[in-house]
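One structure below.
The values are calculated or read from the model by the stated rules, or taken from the named source; none is laboratory data. Keep in mind it's a predicted model, so treat the numbers as computed, not measured. Every residue, glycine as well, gets a Cβ built from its backbone with ideal geometry; the counts of neighbours run over all protein chains shown. Accessible surface is based on the protein model in full, side chains and every heavy atom, while ligands, DNA and RNA are left aside. Shrake-Rupley method; radii C 1.70, N 1.55, O 1.52, S 1.80 Å.
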Amino acid sequence: MKEFQHQQAAHCESGVVSALVSHAGLELSEPMAFGLASALAFAYIPIVKLAGMPLISYRMWPGAIMRAMPKRLGVAMNIQKFGSVQQGTEALDAALDKGQVVGLQTCIYWLPYIPDQFRFHFNGHNIIVYGRDGNDYLISDPVFEMTTRCSREALIKARFAKGALQPKGLMYHPTSVPSQINYKVMIPKVIKANYRNMMQPIFPMIGIKGIRYLSKQILKLEKHADRDRYLPLYLTHIVRMQEEVGSGGAGFRFLYASFLQEAGTLLNNETLQQAAKELTDAGDEWRRFALRATKMVRGREEMSLNSLLNSLSDTLNLVADREAAVWKRLRNFAID
Amino acid sequence: MDKQSVPQDHSSTYEGLSKLLYAMDENGKYVGVRSTGWEAESFSTELAVAEMNNQRDDAWKRAREGKTSALEYHMYRKRMDLDTLVMITGLWRWRVHRHFKPSIYAKLSEKVLSRYADALGVSIVELRQLPSHP
């Protein structure tokens with residue numbers, strides 16, 4: 001049996017899927033896994049609160065990348081959820097004893113090897129288990145450089161955590177992979193689907209419109225009743241959603257740009273190469289936004305609050321303009 | 001982002017670990033680049049953690065003064081808020097809120113307490129007590 005190779009990735013789910021599919025015999029880079037799943041998005045969801053702040057997401061919901069693999073790639077994926085802790089644990093042990101390498105959905109808070117400051121109650125963290133040793137599971141968490149271990153008790157807690165997006169022990173592994181991918185057919189398809197995420201959303205707070213909506217929300221901060229407490233928390237919340245949550249930088253924009261470049265090279269296509277560059281520029285603008293927002297919270301800039309918020313809001317509109325231009329270019333590619 | 005612009009700020013929040021970013025090398029080709037941290041990001045993380053610690057300390061103080069139950073303190077200690085605890089325990093929101101009253105919390109059955117214990121990952125004995133410092 002082939003020995004499992006740990007590989008560091010930017011994002012947990014695309015990292016897990018890329019590693020599992022590659023282990024099963026079909027080489028798949030992390031950006032390619034992300035891109036083939038049309039996983040780039042933007043969503044501002046005020047009704048879902050994280051520590052009192054609106055949910056801001058830069059990608060599709062957890063599970064979307066893993067679930068895209070059968071349809072998009074023809075990878076046969078065994079996906080199981082469990083009604084009880086006992087069933088879920090026995091199934092994991094049995095799979096590992098057969099030499100299988102599996103992906104799991106977990107709550108990041110209960111994983112003891114995660115640095116303390118990143119431990120929040122978020123149920124969508126994906127990891128790989130590649131073996132067990134006594135009371136420990138051998139873990140390949142793609143956001144880290146090295147493999148690690150996790151005790152049986154801790155992993156049970158993490159797999160069966162309750163609340164929003166509860167994993168219910170979710171466990172998956174590819175059972176067969178195609179020998180090759182027809183990139184020529186697949187790439188326009190997945191880009192077209194991603195175009196819809198960004199340009200033709202069902203709700204107004206999604207996609208490019210969502211970025212413009214966030215830009216407007218920032219202007220409202222000045223009049224917020226509990227401004228002195230709320231404004232710093234709100235702005236740094238955006239920065240955290242954009243950067244901290246394993247995004248590869250600029251809310252997955254660099255990751256997707258890397259996919260566009262890889263696709264452009266595979267298909268020898270100049271439009272894709274150009275779009276990769278432009279999306280990189282948009283990503284750089286997101287990073288500038290993060291830098292300015294934190295500088296402002298620290299009070300390093302001596303400008304009136306009103307003009308500071310205006311400049312942040314303008315930056316986001318510029319981001320929206322740049323991303324819209326990228327998708328218009330890609331639309332021509334995907335539809336031709 | 002260029003490879004050289006990938007920040008290497010040795011953020012303490014990373015605890016010596018690094019994460020992977022995607023950036024362009026000298027030839028404009030995308031590669032994975034390790035980063036030891038970014039000031040803007042770690043500042044934001046630290047602020048969020050400090051806010052949670054403040055809530056915890058504040059609940060501890062109020063529990064000391066008999067204005068809330070130890071439950072609220074343990075909730076914040078485990079980085080949850082009321083919404084999260086409601087969702088995880090599956091109890092009604094008004095009920096959890098009511099259990100923040102020290103007199104009512106003191107009379108809770110083991111059965112209800114065990115739901116909190118399970119959600120928060122602490123023992124029932126621990127749950128009933130307020131430690132001497134937050």
TODO: Confirm whether A:A154 is in contact with a Pro (Cβ under 6 Å, 6 or more places away or on another chain) and either touching a residue at least 12 places away in the same chain (Cβ under 8 Å) or surrounded by fewer than 18 Cβ atoms within 10 Å (Cβ to Cβ) (or both).
DONE: yes
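Does B:G66 satisfy the criteria of being modelled with pLDDT of 95 or more, open to solvent by 20 Å² or more (accessible area, probe 1.4 Å) and within 14 Å of chain A (Cβ to nearest Cβ)?
Taking the combined requirement at face value, the residue does not satisfy it.
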Among residues of the stretch A:150-191 being of a type in the set (K, R) and more than 20 Å from B:A119 (Cα to Cα), the residue farthest from the chain's Cα centre (by Cα) is A:K184
Exactly one of B:S5, B:S11 is open to solvent by 20 Å² or more (accessible area, probe 1.4 Å) and either under 23 Å from A:H11 (Cβ atoms) or modelled with pLDDT under 95 (or both), and that one is B:S5
Filter the stretch B:69-81 for residues that are assigned to a helix (DSSP H, G or I) and in contact (Cβ under 8 Å) with a residue 40 or more places away in the chain; the one that is most open to solvent (accessible area, probe 1.4 Å) is B:R77
When the stretch B:82-115 is checked residue by residue, the ones that are part of a helix (DSSP H, G or I) and within 12 Å of chain A (Cβ to nearest Cβ) are B:L82, B:D83, B:T84, B:L85, B:V86, B:M87, B:I88, B:T89, B:R115
Among residues of the stretch A:232-261 being assigned to a helix (DSSP H, G or I) and open to solvent by 20 Å² or more (accessible area, probe 1.4 Å), the residue farthest from the other protein chains (Cβ to nearest Cβ) is A:M241
When the stretch A:210-231 is checked residue by residue, the ones that are within 14 Å of chain B (Cβ to nearest Cβ) and touching a residue at least 24 places away in the same chain (Cβ under 8 Å) are A:L231
Among B:E51, B:E41, the single one that is facing another protein chain (nearest Cβ under 8 Å), charged (D, E, K, R) and open to solvent by 10 Å² or more (accessible area, probe 1.4 Å) is B:E51
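Of the residues that sit in the stretch A:117-146 and are hydrophobic (A, V, I, L, M, F, W, C) and part of a loop (DSSP other than H, G, I, E, B), which one is farthest from B:I88 (Cα to Cα)?
My answer is A:M146.
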In the stretch A:319-334, residues that are open to solvent by 70 Å² or more (accessible area, probe 1.4 Å) and touching a helix residue (DSSP H, G or I) at 6+ places or on another chain (Cβ under 6 Å) total 3
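Has the stretch A:137-156 got any residue that is over 22 Å from B:S11 (Cα atoms) and acidic (D, E)?
Yes, that holds for at least one residue.
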For A:G264, the lone unmet condition from (1) open to solvent by less than 10 Å² (accessible area, probe 1.4 Å); (2) within 11 Å of chain B (Cβ to nearest Cβ); (3) closer than 25 Å to A:V16 by Cα; (4) within 17 Å of the chain's Cα centre (by Cα) is (4)
Any residue at all in the stretch B:111-134 that's open to solvent by 20 Å² or more (accessible area, probe 1.4 Å), closer than 30 Å to A:E145 by Cβ and within 15 Å of the chain's Cα centre (by Cα)?
yes
Quick count over the stretch A:157-180, residues being outside any loop (DSSP other than H, G, I, E, B) and open to solvent by less than 10 Å² (accessible area, probe 1.4 Å), is 4
